[in-house]
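The structure appears right after this line, and notes come after that.
The values are calculated or read from the model by the stated rules, or taken from the named source; none is laboratory data. Just so you know, these numbers come straight off a predicted model, no measurement behind them. In this analysis, Cβ positions are derived from the backbone assuming ideal geometry, glycine residues included, and neighbour counts consider all displayed protein chains.
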Amino acid sequence: MTTHTHQTAPTQYVEANGIRFAYRRFGKPGTVPVVFNQHYAGTMDYWDPTVTDGLAQDREVILFNNAGVSSSSGEVPTTFEEMGANAIAFIRALGLTKVDVLGISIGGFVAQEITLQAPDLVRKLILIGTGPRGGEGMGGLTQEAQKIFSTTFDPPEHLWLAVHFGPSEAARTAGKAFLERKHRRQAGRDPEMTEAAGNRQIEAVIKWGERRPDAYDYLKAIQQPTLVVNGNKDVIIYTINSFILQQNLPNAHLILYPDSNHGAPYQYPELFVKQATLFLDA
């Protein structure tokens, strides 16, 4: 094991595609790494340390900011095809030839593109709170998401309670515990993403979600074992889209957590780590 954890891993940089990518890596060297792809407006400091450190017990974990996000240079592309190509360039710049890929929300779109564009690079895939191209209610922000992102929260950090967690008392308690974990790292934190970068991500989301004929056919090309994970009541990317992924991917398992929303693994972090570890080790 390396001595570093989610809280202590230094931010490093690597150049690829004319972009200076910021990344952190920790965990068990000499294993197939898991490359994490983040959600809308998120940085490396938005991951749950219980999840990242939990998975790092048995394998290496790599967190990074894609082009134009936080401490990485460049501009956020307005398509997920370009974001996927940038992610592939980043992975190859680290000298890696085989990785597992995890993506949450729009990071799940990027994860799909990585796998489609470089199938030789990806061993297994974990898709969390995400959906297919042209999925249900994915032509823009859902009504619930529009309301959440247009609301002023006090404190502002409670925005992420509404995004990731449901309204029940148990869910909100789990959400507050997640927010506390999220801020345990104090030194060398990432700067927040700019509004302009977030707007470009939303432009890409709208393109990804456009309805089209035979929208799900492309999923047949993803042959890798895939674990699809979501909450049973995701209001950001509706839960039905996780079922659509599982039904159209050739080799996919589906886990839905109860009383949970978009960030279900953060509500059940220990259980998610156990189940993801079983999947990755199989």
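Just to be sure I understand, how many residues within region 63-79 are surrounded by fewer than 19 Cβ atoms within 10 Å (Cβ to Cβ) and out of contact with any strand residue (DSSP E or B) (no Cβ under 8 Å at 6 or more places or on another chain)? Walk me through it before giving the result.
Within region 63-79, the first condition is being surrounded by fewer than 19 Cβ atoms within 10 Å (Cβ to Cβ), and the residues that meet it are 73-75, 78-79.
Among the residues that remain, those that are also out of contact with any strand residue (DSSP E or B) (no Cβ under 8 Å at 6 or more places or on another chain) are: 75, 78-79.
The number of residues fulfilling the criteria is 3.
Can you find a residue that is surrounded by 20 or more Cβ atoms within 10 Å (Cβ to Cβ), among the polar types (S, T, N, Q) and at pLDDT 95 or above anywhere in region 213-226?
yes
Output the residues belonging to region 105-142 that are part of a helix (DSSP H, G or I) and either charged (D, E, K, R) or buried (at least 20 other Cβ atoms within 10 Å of the Cβ) (or both). Please lay out each step first, then the result.
At the first step, the residues of region 105-142 found to be part of a helix (DSSP H, G or I) are 106-117.
Ile106, Gly107, Gly108, Phe109, Val110, Ala111, Gln112, Glu113, Ile114, Thr115, listed by residue number.
Return the residues of region 1-21 that are at pLDDT 95 or above and either crowded, with 23+ Cβ neighbours inside 10 Å or among the β-branched types (Val, Ile, Thr) (or both); say none if nothing qualifies.
Thr5, His6, Thr8, Ala9, Thr11, Val14, Ile19, Phe21
So, Arg92, is that one surrounded by fewer than 19 Cβ atoms within 10 Å (Cβ to Cβ), touching a strand residue (DSSP E or B) at 6+ places or on another chain (Cβ under 9 Å) and either modelled with pLDDT under 95 or within 24 Å of Leu256 (Cα to Cα) (or both) or not?
Details: surrounded by fewer than 19 Cβ atoms within 10 Å (Cβ to Cβ): yes; touching a strand residue (DSSP E or B) at 6+ places or on another chain (Cβ under 9 Å): yes; either modelled with pLDDT under 95 or within 24 Å of Leu256 (Cα to Cα) (or both): no.
Spelling it out, it is not the case that Arg92 is surrounded by fewer than 19 Cβ atoms within 10 Å (Cβ to Cβ), touching a strand residue (DSSP E or B) at 6+ places or on another chain (Cβ under 9 Å) and either modelled with pLDDT under 95 or within 24 Å of Leu256 (Cα to Cα) (or both).
Looking at Tyr23, is it more than 18 Å from Leu127 (Cα to Cα), under 17 Å from the mean Cα position of the chain (by Cα) and not β-branched (Val, Ile, Thr)?
Working: more than 18 Å from Leu127 (Cα to Cα): yes; under 17 Å from the mean Cα position of the chain (by Cα): yes; not β-branched (Val, Ile, Thr): yes.
Yes: the conditions hold for Tyr23.
Mind telling me which of the residues Ile126, Ile62 ends up being hydrophobic (A, V, I, L, M, F, W, C) and without any contact (Cβ under 8 Å) to a residue 60 or more places away in the chain?
Ile62 is the lone residue from the list that is hydrophobic (A, V, I, L, M, F, W, C) and without any contact (Cβ under 8 Å) to a residue 60 or more places away in the chain.
To keep it simple, each residue is scored yes or no on (1) closer than 18 Å to Val228 by Cβ; (2) in contact (Cβ under 8 Å) with a residue 40 or more places away in the chain.
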position: Ala89; (1), (2): no, yes
position: Arg92; (1), (2): no, yes
position: Leu121; (1), (2): no, no
position: Thr130; (1), (2): yes, yes
position: Gly140; (1), (2): no, yes
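It is to be established whether one or more residues within region 80-97 are on the phi > 0 side of the Ramachandran plot and hydroxyl-bearing (Ser, Thr, Tyr). Steps first, answer last, please.
If we filter region 80-97 for residues that are on the phi > 0 side of the Ramachandran plot, which is where we start, we get 95.
Next, from what is left, pick out any that are hydroxyl-bearing (Ser, Thr, Tyr): none.
No, there is no match, as no residue in region 80-97 is on the phi > 0 side of the Ramachandran plot and hydroxyl-bearing (Ser, Thr, Tyr).
List the helices (runs of 4 or more DSSP H) inside region 237-282, counting only whole elements, that have at least 1 residues being at pLDDT 95 or above and of a type in the set (Val, Ile, Thr). So that I can check it myself, show each step before the final result.
Working: elements: 240-248, 264-267, 269-281.
Output list reads 240-248, 269-281.
Within region 228-282, count every residue that is surrounded by fewer than 23 Cβ atoms within 10 Å (Cβ to Cβ), in contact (Cβ under 8 Å) with a residue 40 or more places away in the chain, within 20 Å of Val99 (Cβ to Cβ) and among the aliphatic types (A, V, I, L, M).
Here the count works out to 3.
Which of (1) within 16 Å of the chain's Cα centre (by Cα); (2) surrounded by 21 or more Cβ atoms within 10 Å (Cβ to Cβ); (3) acidic (Asp, Glu) does Glu60 not meet, given it meets every other one?
(1)
State all residues of region 95-104 that are of a type in the set (Val, Ile, Thr) and outside any strand (DSSP E or B); if no residue qualifies, say none. Please lay out each step first, then the result.
Here is the first cut: in region 95-104, the residues of a type in the set (Val, Ile, Thr) are 97, 99, 101, 104.
Hit for region 95-104 is Thr97, nothing else.
Among the listed residues Arg92, Arg20, Arg24, which satisfies the condition of being charged (D, E, K, R) and in a helix (DSSP H, G or I)? Steps first, answer last, please.
Numbers: Arg20 fails: in a helix (DSSP H, G or I); Arg24 fails: in a helix (DSSP H, G or I).
The conditions single out Arg92.
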